[in-house]
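Undergrad: Below you will find the structure I want to go over with you.
Read the figures in this text as sums done on the coordinates, not as results from a lab. Here the structure is a predicted model, which means the values were calculated and not measured. Neighbour counts run over all protein chains shown; Cβ positions are idealised from the backbone, glycine included.
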């Protein structure tokens, strides 16, 4: 199939409404709350154009403005200015996002199965980019200039905790080989669209830094640690099982046939490449980064 054409596409149109409220609760603390509603129209979707009967033009692929999304929710922010060397900020967002398709290829399977335009979705459902709960907690402890003596002066520790709930996905029965077979003709849904969700995600990062004056420069030495706890933080899951480490292929008839015909060596190689911590369903492992920043 040739690449789909996209003649005459219109830009997406977003209409957003917000209503906010801010309140100072003390000399050093405040909070904001904002309710929002977003409507996105003219999203791009894959379609098959079927010419009228008797036409010499064959059926061809096209991109058209035919999908839409809605999103509504609440954002809450709490801020504490630095007091006794400590500052803090807490952000939390609740969002409910639904769409007629999660991406522009969402309807490809309908056309591949030959079902036609009457089978295209006419209602919204949970999308794979909808994280209903999302937030961050930031804590910073820092000595200022002339505070703490020569060792602790301008030394600081910053900790960032990010978290979000899982995104929606659909459990599927697929016999094809591979952790995420993509041919829709050989996949059967086991539930309504978006009925399952991936696990929650939690990650703790930290940054330790110290600033030293060298001549006219302020030199900041820092150590930045990503995923301090070294945990497997799930970002996705396999659609056969809903599991983050096991795609369930060897439980299918095709997987059992592969094990019998290709041997246990194939199974060991498959697990090493695609399953467990190599599944691609996790966030970054623990990482250490060292650096220097110069400020004039």
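Undergrad: Helix 253-262 versus the longest principal axis of the chain: what angle, 0 to 90°, nearest 10, using Cα atoms?
TA: Here the helix axis deviates by roughly 90 degrees.
Undergrad: What spacing in nm lies between the two simple spin-label points modelled at residue 89 and residue 49, each 7 Å away from Cα in the Cβ direction?
TA: Output for this residue pair reads 4.8 nm.
Undergrad: Kindly put 7, 143, 200 in sequence by how many other C-beta atoms sit within 10 Å of each C-beta, fewest to most.
TA: 7, 200, 143
Undergrad: Could I ask something else about it? Three principal axis extents, largest first, for the C-alpha atoms of region 215-296, in Å?
TA: So the three principal-axis extents are 71, 24, 19 Å.
Undergrad: Report the gain in length on full extension from residue 153 to residue 260: 0.36 nm times residue separation, minus Cα-Cα distance, nm rounded to one decimal.
TA: Difference between extended and current length: 31.9 nm.
Undergrad: For a protection proxy built on the mean count of beta-carbon atoms within 10 angstrom, sort 64-72, 83-91 highest first, please.
TA: Ranked from most to least packed, the peptides come out as 64-72, 83-91.
Undergrad: Quote the FRET efficiency, to the nearest 0.05, computed for residue 286 versus residue 200 with a Förster distance R0 of 22 Å and r equal to the Cβ-Cβ distance.
TA: Calculated value: 0.70.
Undergrad: Moving on. Nearest 10 degrees is fine. How inclined is helix 264-274 to the longest principal axis of the chain, computing both from alpha carbons?
TA: On a 0 to 90 degree scale, this one is about 50.
Undergrad: For the chain, what is the calculated [θ] at 222 nm in deg cm²/dmol (nearest 500), taking -39500 (n - 2.57) for each run of four or more DSSP H residues and dividing by its residue count?
TA: -2500 deg cm²/dmol
Undergrad: For region 12-55, report the translational diffusion coefficient in µm²/s to the nearest whole number, using Stokes-Einstein at 4 °C, 1.567 mPa s, and a Kirkwood Rh over Cα pairs.
TA: The calculation lands on 85 µm²/s.
Undergrad: Among 236, 27, 247, which comes first, then next, by fewest other beta-carbon atoms within 10 Å?
TA: Starting with the residue having the fewest Cβ neighbours, the order is 27, 236, 247.
Undergrad: Determine how many Å³ per residue the convex hull of the Cα atoms of the chain encloses.
TA: Per-residue hull volume (Cα only) is 212 Å³.
Undergrad: A further question follows. Could you check the spin-label model distance between residue 72 and residue 218? Points 7 Å from the Cα along Cα→Cβ, value in nm.
TA: 4.6 nm
Undergrad: Mind listing the Cα extents of region 131-295 along all three principal axes, in Å, largest one first?
TA: Rounded to whole Å, the extents work out to 71, 37, 22 Å.
Undergrad: Please identify, among 181, 234, 216, the residue showing maximal mean-square fluctuation in a Gaussian network model of the chain using a 10 angstrom Cα cutoff.
TA: 216
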